[in-house]
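The values are calculated or read from the model by the stated rules, or taken from the named source; none is laboratory data. If you're wondering where the values come from, they're calculated on a predicted model, not measured in any experiment. Quick reminder, even Gly has a Cβ in these numbers, built from the backbone with ideal geometry, and neighbours come from all protein chains shown. With ligands, DNA and RNA removed, areas are computed over all heavy atoms of the protein, side chains included. Shrake-Rupley method; radii C 1.70, N 1.55, O 1.52, S 1.80 Å.
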Amino acid sequence: MGSAHVAVTVDLARIHAQLAEIRTRTKVRVYAVVKADAYGLGAAAVARAVADVVDGFCVFDLAEALAADLATTGKPTLVLGPPTSLDAALYRRHLIRPAVATREQAETLREAAPTLCIDTGMQRFGCPRERVAEVLATDAISEVWTHGTRLEHVDTLLAATSAHRGPRHAAASALLAEPRSWLDAVRPGIAAYRGAVTATTALVECHRSSGPVGYGGFAAERHGVILCGYAHGLRPGPCSINGRPQRILEVGMQSAYVSIDQADTIGDGVRLLGGGIAEDSVAGAWRCSAHEVILRMSGMGERRYLQPR
Ligand SMILES: *Cc1c(COP(=O)(O)O)cnc(C)c1O
C-alpha cells in the first residue's frame, strides 16, 4: 500500500546504463532479473526499457512472466523457481524457459528448452550434484546454472557439469566482482537497480519540541511530521531535508516523526531514498538487505518513470 504523499521515481535510464556497463565489463550474456515485479519497480516497464541491452530476463515463476507479458520484448525469460506448470506448449508460446531439477521434469518439459538448476550448497530447489548426470543424460538440457553467492558454488557447478557442452551460469550481483564466476552468463538483479529509485515526501508539520514527543516520548529540540508510516513500509532510519542528513525518529501507522533543522519549514522535501540516501545505509538501519529496501521504497507511493534517452 502506497502513501498518496510519497513520490517514487524510477530512473530507467540508470538501470539501462548499469546493465549496459555489466555487459561491456563481463562480455557474457546478461539476463536481467525482474522477479517480484522487478523488485517492486515494475517488471513490464523495466523490461521494455532494457530489452536492447540484455539477452533475456529471469523471473521466479511462470505467472510473473505472463503478468508482465515479457514475451513482447522478443527476449526469452528464464524461470528460476520450481515449475508451477508442466505444460511445455504454454512456456514455448510465451518464450519462457522453465528450470527443472529432476529427470522427470526434464523429460516432460523437453519441448520448452528447460534449464537445469543445480544445488551447489544453497540446499533448496536445485538438483543434487549426484543426480546431475542422470538429468543431463535425457538430452533435454541445453543450459545449466546454480544460485551461488561464493566462488565455491561456482567451482561446484563446474565440477558437477564438466561433461556439459552448453552455457553455464552462476553469478547474481554479489559475484559480479569475481570474473571467474561470469562463465557464459550473469544474472544481475540489485546491481541493475541500485541508485535508480528515489522516494520523497514533504514536511506537513514543523515543531519546536516541548517535553517528550510521540508514542515513545523521545527527546528532541525540533521535530517534523510526514504522512508516511509503517502501513507504507517505512521504518526508522536516515533521510535528508534540504540537503542535510536527518533521521526518521519514530514511525506510526500512516505518519512519522523526523528530525529537522531550524531552517526547515512545512512543504520542504524529505528524501527517504536516493540523492545521498543510499540503499545500504537504509538497509543498515532497517537490519535487512538492500533488495528489501528497494522493494519497500518502490511501493511507498505513486511511481513515475524517467525513460532512457
Ligand atoms: C534473485 C536472483 C538473482 C539476482 O540476485 P541479485 O542479488 O539481486 O543480483 C540471480 N539468480 C537467482 C537464481 C536469483 O534468485
*Would you check if there is a residue in segment 210-231 being of a type in the set (S, T, N, Q), away from the ligand (no atom under 16 Å from the Cβ) and either assigned to a strand (DSSP E or B) or touching a helix residue (DSSP H, G or I) at 6+ places or on another chain (Cβ under 8 Å) (or both)?*
no
*Of the residues GLN246, GLN307, which is of a type outside the set (A, V, I, L, M, F, W, C) and modelled with pLDDT under 95?*
GLN307
*Do the conditions hold for PRO76, that is, is it surrounded by 23 or more Cβ atoms within 10 Å (Cβ to Cβ) and out of contact with any His (no Cβ under 8 Å at 6 or more places or on another chain)?*
no
*Tell me, which residue of segment 191-200 that is touching a helix residue (DSSP H, G or I) at 6+ places or on another chain (Cβ under 8 Å) and open to solvent by 10 Å² or more (accessible area, probe 1.4 Å) is nearest to TRP145 (Cα to Cα)?*
ALA191
_Members of segment 20-48 found to be touching a Leu at 6+ places or on another chain (Cβ under 8 Å), open to solvent by less than 10 Å² (accessible area, probe 1.4 Å) and away from the ligand (no atom under 14 Å from the Cβ), listed by number_ = ALA47
*Between a first residue in segment 170-183 that is assigned to a helix (DSSP H, G or I) and a second residue that is more than 9 Å from the ligand (Cβ to nearest atom), which pairs have beta carbons less than 6 Å apart while being 6 or more apart in sequence or on different chains?*
LEU175/SER181; SER181/VAL154
*Which one is nearest to the ligand (Cβ to nearest atom) among residues in segment 131-160 that are within 22 Å of the chain's Cα centre (by Cα) and in a loop (DSSP other than H, G, I, E, B)?*
THR149
*Of the residues ARG124, ARG103, ARG110, ARG92, which is open to solvent by 50 Å² or more (accessible area, probe 1.4 Å), more than 30 Å from TYR305 (Cβ to Cβ) and within 14 Å of the ligand (Cβ to nearest atom)?*
ARG124
*Qualifying residue in segment 238-245 (condition: charged (D, E, K, R) and either free of Cβ contacts under 8 Å to residues at least 12 places away in the same chain or under 15 Å from VAL197 (Cα atoms) (or both))*: no
_Which condition from (1) open to solvent by 10 Å² or more (accessible area, probe 1.4 Å); (2) within 16 Å of the ligand (Cβ to nearest atom); (3) not in a strand (DSSP E or B) is the one that ALA163 breaks?_
(2)
*When the residues of segment 112-130 are filtered to those that are under 19 Å from PRO167 (Cα atoms) and assigned to a helix (DSSP H, G or I), which remaining residue is nearest to the chain's Cα centre (by Cα)?*
ALA112
*In this structure, is LEU249 more than 16 Å from the ligand (Cβ to nearest atom) and either buried (at least 16 other Cβ atoms within 10 Å of the Cβ) or part of a strand (DSSP E or B) (or both)?*
yes
